Amino acid sequence: MAITQKMQDALNEHTNQELYSSYLYLSMSSYCESINLPGFAHWLRIQSQEEYAHGMKIFDFINDRDGRAILHPIGQPTIEFESIQDVMQKTLEHERHVSSLINKLYEVAVTENDVATQIHLQWFITEQIEEEKTANDLVEQLKLISGQGDALLLLDRELGARSLDPVE
Ligand code: FEO
């Protein structure tokens, strides 16, 4: 069954949101470089690449369903942050926002009787649990560290070891 126009529009909008996420994390990565936290910068750069892959996962799905993936302009991401705590808090808030967007997308798939999209979105729903958990863990770890330079450098080193997981 070909995708409906309403479902296609909603999915195209979500591709844009994932690509915006990629931009946002790249912007955060640049900020972390500027405050000499290369491990956080690396972690966020990988996060940015993952978000690009999420966008492509929807882009490909639209085309596979005989629809048309349409690219919209990507918004300007936040470029200034107050601190590394601010970066991770904004990451957590952003991931919660993305989770709510995916839930709305799923509602559209239900009202459009689009079972294939519902199944495809299940991957994203599961992924968001992990995304929120990881961001929340880092927010809480930064609270525990609260300005202790040596502990922050240790966490920075740990995050510097992140590698890109394939988005299946
Ligand atoms: Fe693609 Fe971090 O949600």
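The values are calculated or read from the model by the stated rules, or taken from the named source; none is laboratory data. Since the model is a prediction, treat every value here as computed from it, not as a measurement. Backbone-built Cβ (ideal geometry, glycine too); neighbour counts: all protein chains shown. All accessible areas refer to the heavy atoms of the entire protein, side chains included, with ligands and DNA or RNA removed. Shrake-Rupley method; radii C 1.70, N 1.55, O 1.52, S 1.80 Å.
Below are the figures for this structure:
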| read-out | value |
| --- | --- |
| Selected from H120, I84, M56, residue furthest toward positive end of dipole (the chain; charges at beta carbon) | M56 |
| Residue order for R96, R157, R68, R162 - accessible surface, 1.4 angstrom probe, largest first | R157, R68, R96, R162 |
| For region 19-35, 3J(HN,Hα) per residue [Karplus equation, 6.51 cos²θ - 1.76 cosθ + 1.60, θ = phi - 60°, Hz, x = Gly/Pro] | 5, 4, 4, 4, 5, 4, 6, 5, 5, 5, 4, 4, 4, 5, 4, 5, 9 |
| Separation of alpha-carbon centers, region 19-80 and region 112-146, rounded to whole Å | 15 Å |
| Percentage relative contact order, the chain, counting C-alpha pairs under 8 Å, at least six apart | 32 percent |
| Accessible-area value, E130, 1.4 Å probe, nucleic acids and ligands omitted, Å² | 100 Å² |
| Fully extended contour minus Cα-Cα distance, from D86 to Q148, at 0.36 nm per residue | 20.7 nm |
| Simple label model, 7 Å out from Cα along Cβ direction - M56 to R96, nm | 3.1 nm |
| Check: the chain dipole with +1 on Lys, Arg Cβ and -1 on Asp, Glu Cβ, in debye | 160 debye |
| Hydrodynamic radius of region 57-130 per Kirkwood, over alpha carbon pairs, in Å | 14.4 Å |
| Net charge over other residues, Cβ less than 13 angstrom from the Cβ of K143 (K, R count +1; D, E count -1) | -3 |
| Percentage, to the nearest whole number, of Cα pairs in region 5-159 over 20 Å apart | 51 percent |
| Point-to-point label distance, S163-Q141, nm (Cα→Cβ direction, 7 Å offset) | 1.8 nm |
| Region 78-168: projected area of the alpha-carbon convex hull, averaged over directions, in nm² | 7.2 nm² |
| Net charge of Cβ neighbours under 15 Å - reference A2; Lys, Arg +1; Asp, Glu -1 | -2 |
| W123 versus D9: modelled label distance in nm, points set 7 Å from Cα along the beta carbon direction | 2.6 nm |
| All lysines inside 24 Å of K143 as judged from Cα atoms, apart from same-chain residues fewer than 8 positions distant | K90, K133 |
| 1.4 Å probe accessible area per residue over region 32-160, in Å² | 55 Å² |
| Net charge over other residues, Cβ less than 14 angstrom from the Cβ of T78 (K, R count +1; D, E count -1) | -3 |
